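The values are calculated or read from the model by the stated rules, or taken from the named source; none is laboratory data. From a predicted model like this one, the values you see are computed outputs, not experimental measurements. A quick note on method: Cβ atoms are made from the backbone with ideal geometry, for glycine too, and the neighbour counts reach across all protein chains shown.
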Amino acid sequence: MPDKRLILEVDGLHVTYASRGRTVHALQDASLFVAEGEVVGLAGESGSGKSTLARAVLGLLPQGITRIINGRIVIAGDDVTHYSPRQWEGVRGNPVAIVFQDPLSFLNPVMRVGDQIGESVRRHDPAARTTARSMELLELVKLQPSVLRRYPHELSGGMRQRAMLAIALGCKPRLLIADEPTTALDATTQTEILALLRELRATLDMSLLVISHDLGLLRWNCDRVYVMYAGHTLEWGPTGDVLARSAHPYTRGLVDASRLRRLPDDHFATIGGDVPDLHERYRCCPFFSRCTQVMDVCRQQIPPARGNRDGHGARCWLLEDGRE
Amino acid sequence: MNPPVLELSRLSKTFRPRDAMPLRAVDDVSLHIERGECVALVGESGSGKSTLARLALRLIAPDSGTVRLQGRSLMQFSPQALRAARLMMQPIFQDPAASFNPRRTVRAILSQVLVQAGATSVGDEQLSALLARVELRPARDYLNRYPHELSGGQRQRLAIARAIAPQPAVIIADEPLSGADVSIRAQILNLLVDLQRDFGVAYLLITHDMLVARAFSHRVAVMYRGRIIEEGSTGEVLAAPRHPYTQNLIAAVQSLDPPFAHDVPAPVDNRSGNPLQRGYAGSGPGASHLTLDR
Amino acid sequence: MTRNPGDPNTEGNGIRRISRYPAGLASASFILLLAGVAIIGPVLYPGDPLAISEHTLLRPGGAYWLGTDDLGRDVLAELVYGVRVSLFVGFVAAFAATIAGTAVGAIAGYFGGWFDTVVMRIAEFFQVMPTFILAVVIVALAGPGLTRVIAVIALLSWPQTARVARGEVLRVSRLDFVDGARCLGIPEWRILFGEVLPNAIGPVIALGTLVVGYAILLEASLSFLGLSSPDTVSWGRLLSVGQRFLFSAWWLSAFPGLAIFLTVLAFNLLGDTLSEMLNPRRSGN
């Protein structure tokens, strides 16, 4: 790992947006990094801030409403945190591209798929032979050449997802962010798309950041994973370690709830309480109100980050020396 | 022998839209649910499971086949008799946002149900009791709110409250957990477990998620393109699926199985059991501690 | 403002909401002002608008603030009385059109069938007709009279309302909670009026406001052409009188014209604002 270069580095990002006269802290302390050739997962439920983070990394946060209060985003060595829209145009697509959850709203309904892929190709390489390249891309994503002439609504869900991938790949990104890539798909199609993503990563020497609430998906596909809650990064590390030997009570609860683990009284293991209130600015652990192992200090101070040499770490007072 | 609470016999429904091919949504489907049982109907989008739910609820009329509720066939009921029988069979819909009249408060919504179920007047104490059943406490925090002011999990609980209020014999839940966060999902399932224990209500649980079916149902029926391709007790079907489509669905579930080692509570102390060992102060989630080329 | 659950007009603290739309607020204030003038204007500014005097064609200013016409009638008095006619015709016609259109459109949208087809064909017929010419023809044949004018305007406006109502009812009746009501054994008619219609009515009300503006304009046009009753003081009639003196006595055309313009503009802006406020896609977001 020390020999690899970083494509993406997010450090202590704090993003707010205005909603109905109040401030919502979508991200309060989000940190992660993705090195070359890695597949990194970002896990979290609604309100965790994972989608905000994805958009922040591409400069897609709505201008007048959101503010980056703190922290930084570094893409391929450049600090892009306060880039202007103009400057962002040079970042999007290459080196960072994104595919979203819902291909239908992403694809232009009145343009043929081939034209949309071509547009992407031309934008990043005006001298390219568009049709040839488009066909190459289609082949990469395992679509028939005839798809070039089709309109998005004529394709199935899985095909649209692949088309969206082809458009993103047309930019030759070094990092591809997949925001909930399979949520809108059937189980069978999900497996196919994930297999495709893995293959692409290998053939194209591209890094992947997979954002999902589905822990099973992340487990099978990611080298490392981050767990987010209420805009904070709570736990991070190699996927197996984080999911099987979780350090943070939230992660543990999340894994148990995902598996629908049955407790002795026939109930399912769950995390009590409700989704976090993002109007709050937390100067302590954001999970304290729902944690079964909460201590006094958890309500009062932000827990420090602790980790081991494998890169597995978490922010939790339980990990602090001498605490019970 | 008690008749099944709900019996669907050879239901078929073909849609004939004006400018498209006829679509055989449900093709000769039979399914029965015994008292206090939970039957999961598993299928992906397009399998016809939602249409089957609507046929069972008599929201649409089948082309052929019958629906029997507690032994009596609903097909020959007069509209008035049907309206009375309906209370025995309540729905929970997939989309909590569309499940409620946006212009009615929680109080109005639940009062309406209770009045339809025969109450002459509905007091706040009754409503509080109902809300307490679905763990929406304290009731006064909820009664005056509108559905859109509630969180997703709260709305789903409200939907359950509305469904059990008339004390139905069977609840037909169409994807009640899709779109819910994982922790909310487990909470909702716990609620359904409790209600079954307390009221003996039967469930027809429609889902695309085999994991939910495995966790919660006694029997499972797999639906594909309008037909039931496999059916049996949950344990049997999952252990020895016969149809390749079923096998596919099950494989997706296994992605979450052990080696997650959480059946044994993970030790928390800082000694040998701590997965992180002794603190290594610089290892934050960001990359600042790594010596890398930037 | 007391909150009535279920009443869209008192929900969500209406005053605070409408203040987010300055154009709407301005229009609403203007219309309230007009209504005030209509009700108490003649008391505050007495004087028979039809009274002929020898002070003909006086410029604005002095004793007659807005001048007089060729028969010495006070323009301001005529304007003040004209408000009543315009608002009366506007509201009554719009109200009739809205009620009729909503009823027909809702039933067509909810129950479908042959009724829906028939209603839609009729609505289309009126859609393609040049409504103004039709209005002129009908009034010319039926004879003048305020009630006739109102009836004609309502007749020409209801199809539009019906279409909007039908569309909204179709959209709402597909939502799950309607099925939920059915599963409680509530009869279809009660579902239509109790569950569906209150949620469908927003855009219809917004359209109704626009119809008021349209009705006022249509009435003004008809009376401009002399098709309204001759003893009614109407802004349109003032315009038709002023037409002869367009370049010599500009005030005879300018003030009535301005009055019509501002009033119709106000109703259009209010209609736009209501349309945004009551847009069901925004409810609760």
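Quick notes
- Qualifying residues in the range A:90-119 (those that are assigned to a loop (DSSP other than H, G, I, E, B) and among the charged types (D, E, K, R)) - the one farthest from A:L165 (Cα to Cα): A:R112
- Among the residues of the range C:80-103, those identified as at pLDDT 90 or above and either surrounded by fewer than 23 Cβ atoms within 10 Å (Cβ to Cβ) or within 26 Å of C:S223 (Cα to Cα) (or both) are C:F91, C:V92, C:A93, C:A94, C:F95, C:A96, C:A97, C:T98, C:I99, C:A100, C:G101, C:A103.
- Evaluation of B:T14 against (1) buried (at least 19 other Cβ atoms within 10 Å of the Cβ); (2) among the polar types (S, T, N, Q); (3) closer than 30 Å to B:N248 by Cα; (4) at pLDDT 90 or above (one fails), failing number: (1)
- In summary, B:L130 fulfils each of the numbered conditions (1) within 14 Å of chain C (Cβ to nearest Cβ); (2) modelled with pLDDT of 90 or more with the single exception of condition (1).
Residue by residue, here is whether (1) at pLDDT 85 or above; (2) under 18 Å from the mean Cα position of the chain (by Cα) holds:
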| position | (1), (2) |
| --- | --- |
| C:S221 | yes, yes |
| C:L225 | no, no |
| C:L238 | no, no |
| C:R244 | no, no |
| C:L258 | yes, yes |
| C:A266 | yes, yes |
| C:S275 | no, yes |
| C:P280 | no, no |
| C:S283 | no, no |
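- Filtered residues of the range B:98-107 (kept if of a type outside the set (F, W, Y) and within 7 Å of chain C (Cβ to nearest Cβ)): B:A98, B:S99, B:N101, B:P102, B:R103, B:R104, B:T105
- Residue list for the range B:175-188, filter: over 16 Å from B:P91 (Cα atoms) and outside any loop (DSSP other than H, G, I, E, B): B:V182, B:S183, B:I184, B:R185, B:A186, B:Q187
- Check on A:T183, surrounded by fewer than 21 Cβ atoms within 10 Å (Cβ to Cβ) and either touching a strand residue (DSSP E or B) at 6+ places or on another chain (Cβ under 6 Å) or outside any helix (DSSP H, G or I) (or both): yes
- Here C:I150 fulfils each of the conditions (1) at pLDDT below 85; (2) under 24 Å from C:A266 (Cβ atoms); (3) part of a helix (DSSP H, G or I) apart from (1).
- Number of residues in the range A:137-167 that are of a type in the set (D, E, K, R), in a helix (DSSP H, G or I) and surrounded by 15 or more Cβ atoms within 10 Å (Cβ to Cβ): the value is 2.
- Contacts under 6 angstrom Cβ, first residue in the range B:138-153 being touching a residue at least 12 places away in the same chain (Cβ under 8 Å) and farther than 17 Å from B:I188 by Cα, partner surrounded by fewer than 16 Cβ atoms within 10 Å (Cβ to Cβ) and not hydrophobic (A, V, I, L, M, F, W, C), 6 or more apart: B:H148/C:G284
- Number of the condition not met by A:L8 [criteria: (1) closer than 24 Å to A:T182 by Cβ; (2) surrounded by fewer than 20 Cβ atoms within 10 Å (Cβ to Cβ)]: (2)
- Members of the range B:182-221 found to be within 12 Å of chain A (Cβ to nearest Cβ) and β-branched (V, I, T), listed by number: B:V182, B:I184, B:I188, B:V193, B:T207, B:V212
- For the range B:23-63, residues that are touching a His at 6+ places or on another chain (Cβ under 8 Å) and part of a strand (DSSP E or B) total 3.
- Residues (more than 20 Å from A:G272 (Cα to Cα) and either surrounded by 13 or more Cβ atoms within 10 Å (Cβ to Cβ) or of a type in the set (S, T, N, Q) (or both)) located in the range B:131-147: B:L143, B:N144, B:R145, B:Y146, B:P147
- Being over 21 Å from A:P95 (Cβ atoms) and within 20 Å of the chain's Cα centre (by Cα) is a property that holds for A:L234.
- Residue within the range B:76-97 that is under 18 Å from C:P198 (Cβ atoms) and either part of a loop (DSSP other than H, G, I, E, B) or within 11 Å of chain C (Cβ to nearest Cβ) (or both) present: yes
Let's see how each residue does on (1) closer than 21 Å to C:G202 by Cα; (2) of a type in the set (S, T, Y); (3) not in a helix (DSSP H, G or I):
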| site | (1), (2), (3) |
| --- | --- |
| C:V92 | yes, no, no |
| C:A97 | yes, no, no |
| C:V137 | no, no, no |
| C:P144 | no, no, yes |
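- Some residue of the range A:308-318 being in a loop (DSSP other than H, G, I, E, B), more than 10 Å from every other protein chain (Cβ to nearest Cβ), within 28 Å of A:V15 (Cβ to Cβ) and not aliphatic (A, V, I, L, M): no
- When every residue of the range A:49-67 is checked against the conditions, none turns out to be in a strand (DSSP E or B) and within 11 Å of chain B (Cβ to nearest Cβ).
- Test: C:L197 is in contact (Cβ under 8 Å) with a residue 60 or more places away in the chain, surrounded by fewer than 22 Cβ atoms within 10 Å (Cβ to Cβ) and within 14 Å of chain B (Cβ to nearest Cβ): yes
- Of all residue pairs spaced 6 or more apart or on separate chains, those with beta-carbon atoms under 7 Å, a first member in the range B:59-75 that is assigned by TED's automatic domain parsing to the domain that holds B:R10 and a second member that is surrounded by fewer than 16 Cβ atoms within 10 Å (Cβ to Cβ) and of a type in the set (K, R) are B:S64/B:R10; B:G65/B:R10.
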